[in-house]
Every structure is written in C-alpha cells, then in structure tokens.
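Values quoted throughout were computed directly from the atomic coordinates according to the rules given, and no laboratory measurement underlies them. Quick caveat, the model's predicted, so the values are computed rather than measured. Positions of Cβ are generated from backbone atoms using ideal geometry, with glycine treated the same way; all protein chains shown enter the neighbour counts.
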Amino acid sequence: MADDTSVISRCWGVLRRPSAKYSLLTLVVGGFAAGIVFWGGFHTVVEATNTETFCIGCHEMRNNVYEEYKKTIHYNNRTGVRAVCSDCHVPKEWGPKMLRKIQATREVYGKLTGSIDTREKFEAKRLSLAENEWKRMKANDSLECRNCHSMVSMDPEKQKQRARKQHELAQRDKQTCIDCHKGIAHQKPQGMKEDDDE
Amino acid sequence: MQKLITASTVGLLLALGAGGAMAAPDWSKAPGKKITVFYPGVSPIEWITKGTEHGGAKGLKKGESCAACHDEEAADMGKKMVTGQKIEPKVIKGKAGSIPVTVQAAHDGANLYLRFSWKQPAGGAEKMDKDNQVKLAVMFEDNKIERANLSGCWETCHQDARSMPEGKDDKKTKYVTGGDVKGGKFYDLIQWTSKGAKHDGYVADKRVMEGGKGLVEAKGEKKGDEWVVVFTRKLAGGGEGDIAMAAGKTYNIGFAIHDDHTSGRFHHVSLGYTLGIDAKADITATKQ
C-alpha cells in the first residue's frame, strides 16, 4: 500500500516538476501531436460505431429491424441517398452524440445478457424499445430527422395532397416529425397504444 | 263567364301537366363535377379513426375531411386496395380500382335532379348479385350527424357489418352509431338498380330500403360503354327517412356504385362531398 502511494506521488511529482530535459516548444508540439492522434483515434472509433456494418454486426439488428428498413424509402429510393441507422438514431452534434453513445452502453449490456437474442424475445420487447426511441426523438424535436428535412425547405406544391395537408396541420399545431412518422423505417409494433400516435 | 272558367281550367290542367311531366333539366347547363369512386377495401369507420392504423385519423380529429387529403389520390388508393396491397384480404381478380364519374345536379323548385355518368370498367368476376350488373346508391345527410361533413358515408360503414371480415351477423347492415330516424340522425338513401328497380330508404340504427316518399324516378341506361343514371327526387322529401331540402342550404352527399354484379362491401365509393341547392358546394344544383 505504502509502495503504491509512493509510485503515485512520484508520478505526480514528475508531472508537476518543470521539464529540464525537453524544451517548452518540444513539449507543446509533442502534446499537440499526441492530442491529434488521441482525438483522431477516439473519433475514428466513435465513427466506426456509427456505420451500418457495425449496427448490423449483431444478429438482433440484422435479422429484425434491418430487414424491415431495407424495404423502405430511407434505404432505397429514386435519388440514391441512403439514411443509415445512425443518421436516424444518433445525433450529429458532438455533445448529444456523446450522450447517445453513453446511453448506448446499456445496449451492450442487453447484448451480453441476450435480452433480445431471439425473434420471440425481440417481439416481446419491441413495443417498449420503440416507445423509448419515440420518447427520445420527441424530446429532441426529431433532431435526427431535421438533419436532412425541415418544414421551411418543403415545397408544398410538390407534395401529394395528403402530405400537403398533414404538414400544414403539423406546422399549425407545432408538431414534430416523429409525432406522425412512427413506423417510417420499421414496422409499427403490435399493441401500439393510440396515445403513442397522438 | 263560362268561357273564363273553361280557359282557367285548361290553364290549370296545362300547368299541372307540365309539373307532372317533370321537364328534364338541360344538362348542358349543369356543370359536371368529376368525382372518382374507388374500391375501399376493408376500411370501416373503426379503422378510419384508429391512429395507429390510419395516419389520417389525426386530421379527422382536427376537423379535416377525408376529401381534403384524399380527393386527388382516390384512384391510387383504389388501386392499392383492389390489388390487396392494403386492407383487402379478398382480392377480386380483374376488378377496377376506381371509376371516374361525372356528377351533375339541377332543380326546378320542386324536384332535385342528379345525373351520374361513367364508363363501364373491365370486370368479369364471379357474380354476387346475378340480377343487377350495376347499382348506384346515393346518401344525403342534413348536417345532424357529428363528423358526417368530414367522413361522408363512412359513418354508416362498420367492421361488424355483413360481408366485412369481422362481420358475424349476415343480417347486420349499414348503421349509424346512435342513429335515430325520428331524431333526425340518419342518412337519406336512394338507389337505382340496372334491373330497373328504385329504392327510397334511409340508414339510421339499421339500413331500411323503403319508407321514403321523395324519390320520384330513377332511370338508367347504358349507351355504348357509358352508363347514365338520373334520379328525380322531391326537394321536400316527405316520407320516413327523407330529408327536406331547401334553396340556399347545403347537405352532405356520398354515393357508391356496385359494379360488375357485386354486392355488400365490394362496391366503389365516393368520399364525402357537399350538395348545395342554389348554394356554393362541391356539387351545386342550380334552378332551371
């Protein structure tokens, strides 16, 4: 115990003592370079967890929600623009993104404990999982949708009558995208409550 | 004096004769409203108002009519349902998804005239109604039923009605929830059949195909590939389940075509529209 304490205090002493061996410039440049390497590495790892390949690396996602998403316009469309999992489920801004990643550690726990490792388990939990996500998107005013879409950029004249009317009502009532667009990329869960679609 | 009486009598007879003959309106003076009737699949009012199934339920709750969202896409909706892509478990092969209909209206102070014309679409499916190749029914509503101005005839269409997948009772017809013919909560119903019959009834707590005294005539014929059906209905109505119409007023109207010998729910229906008697509406009957 005494040895441990002396190691820590020795290290702390080295860190606090001005360097006699390296110039300030070397230390600044070295620190800057190390910072870039660390920051770049950190972001490379974070971005790797944002890829479609990473998301469907687990069979829970690949066999369930991914298969449904493949049939939707966000996967395949006229213009060839694809919104992958993270585009809808992870915020783009740094702060909210880090927060989301921290929250996602719970999903790692779920993976390790096998909470949705069969189709039956997934279906049984699907409603509560979807409700969590709807709640999150409602709370952030559908932030991920708005990364690509915005009411002000819409041209009602180019929309179908039904979409035109619904967007007009949504704007009037200050609704957010997820209020209406549940099930846009995945099937709506069984047992969905009417309140969920208010 | 005797000459005067004779002349008056002749004049009166001529006037009565002219009234009885119901001079047909000049249809070239009545503008045609294009309305697409479409195959509705299994879309009872219970489905219409269920937000988790039908996104438009929200709009309906906020006071928007079905036509406000779907009027321009009736043909597309019909195609989706008739092919079984959506809410139709029993696909009828070769059935048309929609039929564009021209609707005209006029009145002469005593009678309302409604003219419907459309081209016979392809068919050939098994005959459900062997007697009638085609039937046309019209429903009117006098702004008494909540939401009837938004949802049209759907207020009478329920999931437990006969021919619906969940309909267990073969005698259960259309009905209005809380419908009451005496209390005015009903849809006035008139029908023409290609076999030559006409019916004047109503839909309240159930559908009744008689009791009305408003329908004077329902005539239809097929010229080439075009059907033309004309209803003559007393504006005043006068019987059970007849609404009394008056100039300056508007009413809710919807209609359905049972094409290709169909019956029950296998019809093509219109969304809900308004009929005005000398009043601005989706369909206006102007005095001639």
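Structure values in brief
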item: Computed [θ] at 222 nm, helices only, for chain A once each DSSP H run of length n ≥ 4 contributes -39500 (n - 2.57); result: -17000 deg cm²/dmol
item: Cβ-based exposure ranking for B:GLU210, B:GLU73, in which fewest neighbours within 10 Å come first; result: B:GLU210, B:GLU73
item: Crossing angle, helix A:24-48 versus chain A [Cα axis fit, 0-90 degrees, rounded to tens]; result: 30
item: Net length gained if the chain between A:ILE102 and A:CYS148 were fully extended (0.36 nm per residue, minus Cα distance); result: 14.2 nm
item: Cross-link pairs beyond the 24 Å C-alpha cut-off, checked among B:LYS206/B:LYS287; A:LYS92/B:LYS58; B:LYS174/B:LYS223; A:LYS158/B:LYS90; A:LYS135/A:LYS193; B:LYS130/B:LYS172; result: B:LYS206/B:LYS287; A:LYS92/B:LYS58; B:LYS174/B:LYS223; A:LYS158/B:LYS90
item: Spin-label model distance (nm) - B:ASP160 vs A:THR53, 7 Å beyond Cα toward Cβ; result: 5.8
item: Which of B:MET209, B:THR193, B:ASN111, positive extreme of dipole for the stretch B:98-232 (C-beta unit charges); result: B:THR193
item: At R0 = 56 Å, FRET efficiency that the Cβ-Cβ distance of A:ASP155 and A:VAL45 yields, to 0.05; result: 0.90
item: Calculated FRET efficiency for the pair A:THR113/B:ASP76, C-beta based, R₀ 35 Å, to 0.05; result: 0.15
item: Length-normalised contact order of chain A in % [C-alpha pairs under 8 Å, at least 6 apart]; result: 20
item: Cα centroid separation - the stretch A:118-157 against the stretch A:61-75, whole Å; result: 14
item: Cβ-derived FRET efficiency at R0 60 Å, A:ASN77 paired with B:ASP205, nearest 0.05; result: 0.75
item: Residue order, fewest to most beta carbons within 10 Å, for A:LYS71, B:LYS280; result: B:LYS280, A:LYS71
item: Restricting the stretch B:55-100 to trypsin sites (Lys or Arg not before Pro) in coil, as DSSP defines it, with at most 13 other Cβ within 10 Å; result: B:LYS62, B:LYS86, B:LYS90, B:LYS93
item: DSSP-assigned coil residues among trypsin sites (Lys or Arg not before Pro) in the stretch A:95-189, each with at most 15 further Cβ atoms within 10 Å; result: A:LYS160, A:LYS174
item: Three-way shape call for the stretch B:60-138 based on the alpha-carbon gyration tensor, with the a/c threshold at 1.5; result: oblate
item: Cα-based convex hull volume of the protein assembly as shown per residue, rounded to whole Å³; result: 231
item: Sum of side-chain charges, A:GLU60 neighbourhood, beta-carbon under 15 Å (Lys, Arg +1; Asp, Glu -1); result: -1
item: From the C-alpha gyration tensor of chain A, square roots of 5λ in Å; result: 45, 24, 16
item: Modelled label reach - B:GLU126, point 7 Å along Cα→Cβ, the stretch B:163-183 residues with backbone N closer than 19 Å; result: B:163-168, B:170
item: Nearest-ten-degree value, helix A:94-103 long axis tilted from longest Cα axis of chain A; result: 90
item: For the stretch B:30-287, radius of gyration divided by Kirkwood radius, i.e. Rg to Rh on alpha-carbons; result: 0.93
item: Tensor-based shape of the stretch B:150-267 (alpha-carbon gyration tensor, a/c under 1.5 rounded, otherwise prolate or oblate); result: oblate
